[in-house]
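For reference, the structure is listed below as structure tokens.
The values are calculated or read from the model by the stated rules, or taken from the named source; none is laboratory data. If you're wondering where the values come from, they're calculated on a predicted model, not measured in any experiment. All Cβ positions, even for glycine, are placed from backbone atoms using ideal geometry, and neighbour counts span all protein chains on display.
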Amino acid sequence: MCLANFYGFAAGRESKSFCNNITEEIDGVDWRLDDLGGNEFTHKIKSADLVIIVANLNSHFEAKQVEFMVMVAEKLAVPILVYSLYPIKFALQASEQGISLELLDSINKATVVMQLDGDLLASGMIATTPFIQYYLAKGLELLSINLILTIKAIVEPVTQQELIGVDFTDYCLAFANKGFYQTKLYTQETLFKAEVNSDSWLKAKVIIVTIFLSTDHALDVFSATSTSICNMLEESNALLLFAPVIAEHAQDEAVIALLYK
């Protein structure tokens, strides 16, 4: 196991309620969900290798909190990832119903913003996989499962390293490409059916692939899946990063998480 200081924060009351439901499901993140003043936040993250912020960026209050946190982390040279709970809505002026372009631009220029795909688990084979069914059986909502898996996709390849070691500097290199990222979940079957016309990750410049799989034939599954993705991207010049995560609840059906820009 790799020792890394990953800290998690919520930008407001709504995002905090989501984080309270997921903290036990994600290993390797030190969640600090108490309300922190500016000095307290600065002190907490000084030793961080990565800061994760969960926020509803359609709330002007939470977006302003994120802007402040990002500014502090940038001054301390601490990498930061922002997870947006909902698809971002733009407003001509700051409001509780959308984020202004000026504010979003300020955040995008300074950090990476991961937008959860609202349709990620709503339909298709992915919702029937043993891995997703495990979380549904625990009473977690689809949005919470989205959040869990997209955070795990970054954290656990670094902190667990059970199959193939991943260097955190590789992620830092990828996330030097700041701005707006999309997320997507696939089964192996649906991944292989991805089409350039409808699956925008096939045309992305940065693609981070995390494969959640059980220990049974793990290396074979990881090799076959990563090779297939490389073949699909044969003509692409994308920065491509692969990582496996052992997840016994995946059983014999791997789940592939894609984070891309």
Worksheet item: Can you find even one residue in segment 149-159 that is among the basic types (Lys, Arg) and modelled with pLDDT of 85 or more?
Response: yes
Fill in: Any hit, segment 213-223, residues being among the charged types (D, E, K, R) and either over 17 Å from Thr128 (Cα atoms) or touching a strand residue (DSSP E or B) at 6+ places or on another chain (Cβ under 9 Å) (or both)
yes
Practice prompt. Kindly provide the set of residues from segment 157-186 that are part of a helix (DSSP H, G or I) and touching a Phe, Trp or Tyr at 6+ places or on another chain (Cβ under 9 Å), ordered by number.
Written response: Pro157, Val158, Thr159
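For every residue, the table says whether it meets (1) at pLDDT 90 or above; (2) over 21 Å from the mean Cα position of the chain (by Cα); (3) over 20 Å from Leu258 (Cα atoms); (4) not in a loop (DSSP other than H, G, I, E, B).
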| residue | (1), (2), (3), (4) |
| --- | --- |
| Leu57 | no, no, yes, no |
| Phe68 | yes, no, yes, yes |
| Ile88 | no, no, no, no |
| Ile99 | no, no, yes, yes |
| Leu121 | no, no, no, no |
Practice prompt. For segment 184-192, state whether one or more residues are modelled with pLDDT of 85 or more and either over 17 Å from Ser214 (Cα atoms) or not hydroxyl-bearing (Ser, Thr, Tyr) (or both).
Written response: yes
Discussion item. Quick test for you: out of Ile45, Ile26, Ile53, pick the one residue that is surrounded by 20 or more Cβ atoms within 10 Å (Cβ to Cβ) and farther than 19 Å from Met114 by Cα.
Written reply: Ile45
Discussion item. Can you confirm whether Leu92 is at pLDDT below 65 and over 22 Å from Ser200 (Cβ atoms)?
Written reply: yes
Worksheet entry | Residues that are surrounded by fewer than 21 Cβ atoms within 10 Å (Cβ to Cβ), of a type in the set (Gly, Ala, Ser) and within 14 Å of Phe192 (Cβ to Cβ), drawn from segment 225-261 | Ser226, Ser228
Worksheet item: Any idea how many residues of segment 193-251 are within 24 Å of Ala176 (Cβ to Cβ), of a type outside the set (Lys, Arg) and assigned to a loop (DSSP other than H, G, I, E, B)?
Response: 6
Item to complete: Hey, can you tell me all the residues within segment 15-38 that are charged (D, E, K, R), part of a helix (DSSP H, G or I), out of contact with any strand residue (DSSP E or B) (no Cβ under 6 Å at 6 or more places or on another chain) and farther than 11 Å from Ser144 by Cβ?
Response: Glu24
Practice prompt. Among the candidates Phe41, Phe9, single out the residue that is in a helix (DSSP H, G or I) and aromatic (Phe, Trp, Tyr).
Written response: Phe41
Worksheet entry | Pick from segment 203-246, criterion under 19 Å from Leu149 (Cα atoms) and polar (S, T, N, Q), ranking: farthest from the chain's Cα centre (by Cα) | Thr215
Worksheet, complete the sentence: Out of (1) of a type in the set (A, V, I, L, M); (2) in a strand (DSSP E or B); (3) over 16 Å from the mean Cα position of the chain (by Cα), the one Ile53 does not meet is (3)
